[in-house]
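Engineer: Right, I'll just put the structure down here and ask away after.
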Amino acid sequence: MAMVSMKFFVPSLNSPNLRPTKRYSGMAVAASNQDAVALGVTVTQGEGNLPKLLLTSDHGSEAEIYLFGGCITSWKVPSGRDLLFVRPDAVFDKKKPISGGIPHCFPQFGPGLMQQHGFARNMDWSLVESENVEGNPNVTLELKDGPYSRAMWDFSFQARYKVVLNTKSLSTELKVTNTDNKPFTFSTALHSYFRASITGVSVKGLKGCKTLNKDPDPKNPIEGREERDAITFPGFVDCIYLDAPNEVHLNNGLGDVISITNTNWSDAVLWNPHLQMEACYKDFVCVENAKIGTIQLEPEQSWTAKQHLSIA
């Protein structure tokens, strides 16, 4: 079958009426939502009336992405099962990040000089491109610096986030570019929440990795090395795996084995809050691709990392 590729470019969709414009060689023409985006991409209102993108594959898979935080909140495979998890205490009012799905940690992972996990998950991203390739939709979101980010991190940057939905996979590519006239450093992660039955969860592929165990004292992690073939979650878990392999396998305890592969995400994080979130800890696990060590970018330099989630 010949590959059919359709590209559409739209600007920010942060306006309440959700009416993007369709760009034609230097002139902008007002268009309806569906005139401005590719087949299989719908612009709609989500929880809290926040702008949301719905990606639908011809093969029956679906994904939902909120422009606030650039956060993927749902990934449904053709059977209808949602493999991601949004916590029941999540709020959609822009006063705090969306708790669940795949939030961004940028330009800081964890605590540090600015607020926990940085600011990217607290800002509105823009839809700048959508495409449909052989029935599989993809979108590219963009985040740039503004007064809110510069109050915490005084640098000019561009982050582009491409999301590709396929029949049994969900792929992302994050590209960070230094658009400033001075170098900057950052750390980052995809704080992925997977739907799970925690007593049946196991993660394979991390044996032999150096670990930084943040239990019991997150401020003074204990160095070690992972000896287990399959990591389970009998209690609280908050552990960083340095120089992790580019593929791990998550058994979610619900009958799915999810392959999590990556390019250039050098580290991994496993987290389950156990009784700290008694209402929902049994229903999810976080398996995160991360870059814990700082990345330095000179002006005009870029850094790119990819993640690919798939089921058999």
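The values are calculated or read from the model by the stated rules, or taken from the named source; none is laboratory data. Everything quoted here is computed from the prediction, not taken from an experiment. Note that we place each Cβ from the backbone using ideal geometry, even for glycine, and neighbour counts take in every protein chain shown. Each accessible area value is taken on the protein alone, full model and side chains, heavy atoms only, with ligands, DNA and RNA left out. Shrake-Rupley method; radii C 1.70, N 1.55, O 1.52, S 1.80 Å.
Engineer: So which residues in region 244-256 are of a type outside the set (A, V, I, L, M) and open to solvent by 60 Å² or more (accessible area, probe 1.4 Å), if there are any at all?
Structural biologist: Asn246, Glu247, His249, Gly255 - these are the residues of region 244-256 that are of a type outside the set (A, V, I, L, M) and open to solvent by 60 Å² or more (accessible area, probe 1.4 Å).
Engineer: In this structure, is Thr179 hydroxyl-bearing (Ser, Thr, Tyr) and in contact with a Cys (Cβ under 9 Å, 6 or more places away or on another chain)?
Structural biologist: No.
Engineer: Follow-up question, since we're still on this one. Might you let me know whether region 250-261 holds any residue that is within 28 Å of Ala305 (Cβ to Cβ) and small (Gly, Ala, Ser)?
Structural biologist: yes
Engineer: Identify, please: which residue in region 15-43 is modelled with pLDDT of 95 or more and touching a helix residue (DSSP H, G or I) at 6+ places or on another chain (Cβ under 8 Å) and is, among those, most open to solvent (accessible area, probe 1.4 Å)?
Structural biologist: Thr42
Engineer: Filter region 157-180 for residues that are under 24 Å from Lys95 (Cα atoms) and open to solvent by 10 Å² or more (accessible area, probe 1.4 Å) and give the result.
Structural biologist: Gln158, Arg160
Engineer: So which residues in region 191-220 are touching a strand residue (DSSP E or B) at 6+ places or on another chain (Cβ under 8 Å) and within 21 Å of Arg81 (Cα to Cα)?
Structural biologist: His191, Ser192, Tyr193, Phe194, Arg195, Ala196, Ile198, Gly200, Val201, Ser202, Val203
Engineer: Count, please, the residues in region 257-279 that happen to be open to solvent by 10 Å² or more (accessible area, probe 1.4 Å) and either among the hydroxyl-bearing types (Ser, Thr, Tyr) or assigned to a loop (DSSP other than H, G, I, E, B) (or both).
Structural biologist: Residues in region 257-279 being open to solvent by 10 Å² or more (accessible area, probe 1.4 Å) and either among the hydroxyl-bearing types (Ser, Thr, Tyr) or assigned to a loop (DSSP other than H, G, I, E, B) (or both): 7 in total.
Engineer: In this structure, is His104 touching a helix residue (DSSP H, G or I) at 6+ places or on another chain (Cβ under 7 Å) and not hydrophobic (A, V, I, L, M, F, W, C)?
Structural biologist: yes
Engineer: Quick check: anything in region 283-303 in a helix (DSSP H, G or I) and open to solvent by 20 Å² or more (accessible area, probe 1.4 Å)?
Structural biologist: yes
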